[in-house]
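The values are calculated or read from the model by the stated rules, or taken from the named source; none is laboratory data. The model shown is predicted, which means the values in this text are computed figures rather than measured ones. Cβ sites come from the backbone with ideal geometry, for glycine too, and all protein chains shown count toward neighbours. To get the accessible areas, we keep the full protein, side chains included, count just its heavy atoms, and leave off ligands, DNA and RNA. Shrake-Rupley method; radii C 1.70, N 1.55, O 1.52, S 1.80 Å.
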Amino acid sequence: MPQGGGGRSVAFSGKKKKEQLRARKERKINIPNPKYNNSEVEEAEKAENSYISVVTDALEAIRGPGHLDEVEELNLQPRAQQNSSSKRYNLKFKKDKDEEKERLKTFHYAKLDTICGSDMEVEINDFYPPGLNFPTRPAWRKNMSKKELDHQENRYFRLFCDKLDKDFAHQDLSLYELNLETWRQLWRVMEMADILLIIVDARYVACQFPPYLYEELSEKRNKNIILVMNKCDLIPPELVLAWEKYLMCHFPSLLLVPFSSLEGVRKKRGLMRMAAESSLRLVEACQKLVGGKVNLDSWRNKIEEERDITFDEECEVQENIVEEPDTSPLEHQRFNDGILTIGTIGHPNVGKSSLINALMGKKVVSVSRTPGHTKHFQTIFLTPKVKLCDCPGLVFPSKVSKPMQVLHGSYPIAQYRDPISAVHYMASRINVPQILKLQHPEKGTAIEWTPYFISEAWAKKRGFFLKSKGGRPDTSRGANELLRLCLNGHRSLIMYIAPPGFHENIHCFENDEKLKDIILIQGIKKDNAIEELEELQEGQLILQDNSEESDDEDQDMASEAPCRNPFELLMDDEY
């Protein structure tokens, strides 16, 4: 506190302190460089700014309206809305046209066409046709100024998006990330990492593994790649083996590791545990790639020591977010200082942060079911010799439909304005009324189920009613919660896709020797799998339509339903 005359203390407010620091910073900036004349520096800066302005105006005049001119910014993080520096990392997608919005409304009362079995088998090229690509960092020089580099990257990204929009029709091209700052995070992680983990949701492997990413990393950059099938406990073990065989056939240099952050264990909310079986297989895959250049024994010993230890969720939590992370180009040095650097890449909501927490054995990365929760790449040391970089989730260009993007978490459900149309996509592939034991709103009639009736029936069962409009069921809220249940794999609402020929050759995978290893990773005993499924269908995890037990039902649903408490969306989730 400053001293006044006579040694008496004088009040010095925080506002004055900020002004003092700001003035000191301005004085440092304005210190003249003895090597250059101030007038020469000013003239050079004016000439550079004038040149950039002229070139930019000329390009805009030639280009006309482009793909980045109609962008929808999704402000998902309430805390970030108060921090302008964090807003720059919000999700950005292209806005839907009015014609598309009207088309989606036609699905509200559309008949449900059952799609199952072999109809759910897909090829990766169905979602990633030839010619599709993703933006990479443009060529750069060491003597480039920060302003020049920024201008070059912005210009390249705009031209890339415009070309992609012209090459692929808007109705075919999916929504993809239009925020350059997020792509810069990916470029940085790709440059830093010795091994890259491409993390996908095991239910939607073909939707979330871009072949052009594999070609860029493996063939052009000579990077080591491991494909991590996270959440593999949500699909049959035979399907895991089918995807492994399919991917090994099409991508020979790819290593595949099934992973389950929970390993099938139903634990109390707030408790965490090391995913030992999955982590050990990841260590073996990394050791196979690095050989004897990096010793991974300390990582392996850590996993064995913490195998059966349960951690409290209130242990160390850190997001390692800085106001302006360094995303400038970096020349990669393999195994720098004898440290193995592992980078993570994946779509939003594939469970990257949960995977890191499972690897660490204690919670170190903040987890949320909201897409875009991780804002910057985060550097975490698993051991003194193993460093892991967590990249923000990125929606890569593809031909995945928007309803499917909503169901596997690439597009935030809370921001989707027509959830009933996505219920149509889900209910065509899952028998929702039978699984949730819904009663048709139109009793005594032979009217078939539609997405609107399913949403209405679930809203009635959950007690979602509108205060206005005569207390009608809140179908939008009901549809919203159904989508969340499917996203999280709750209440047996599990949808997945399979590789070609899976259902025809499933008997081959049932007798495979590797099946036991997959079941061990999933943490589910095969003898109890049928019994567990019957328990789910009998209603132990589903509310019964009994008015006398309505109070008990509300308490049970509050522990599992994602939308019961509106503020629960901001809390950490298992995935």
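So the values come out like this:
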quantity	calculated
Segment 443-492 shape via C-alpha gyration tensor axes, a/c threshold 1.5	oblate
Accessible-area composition of segment 402-496, carbon plus sulfur, in percent [1.4 Å probe]	48
Probe 1.4 Å, protein heavy atoms only - accessible area per residue of segment 120-180 in square angstrom	53
Probe 1.4 Å, all protein chains present, accessible-area order of Tyr496, Tyr128, largest first	Tyr496, Tyr128
Simple spin-label estimate for His250 and Phe12 in nanometres, 7 Å along Cα-Cβ	6.5
Per residue value of the accessible surface for segment 187-251 (all protein chains in place, 1.4 Å probe), Å²	23
Rounded to whole Hz, the Karplus (6.51, -1.76, 1.60) HN-Hα couplings of segment 234-245, x for glycine and proline	8, 10, x, x, 4, 5, 4, 5, 5, 5, 4, 5
Fraction of the pair-distance distribution of segment 128-197 above 21 Å, Cα-Cα pairs, percent	35
Of all accessible heavy-atom area on segment 145-295, the percent that carbon and sulfur account for (1.4 Å)	51
Accessible surface ranking that places the most exposed of Thr379, Thr136 first, with a 1.4 angstrom probe	Thr379, Thr136
Radius of gyration, Dmax [segment 173-259; alpha carbons; angstrom]	13.8, 40
Environment charge at Leu234 (Cβ cut-off 11 Å; Lys +1, Arg +1, Asp -1, Glu -1)	0
Karplus-derived HN-Hα couplings along segment 129-136 (A = 6.51, B = -1.76, C = 1.60, θ = phi - 60°), whole Hz, x at Gly and Pro	x, x, x, 7, 8, 10, x, 10
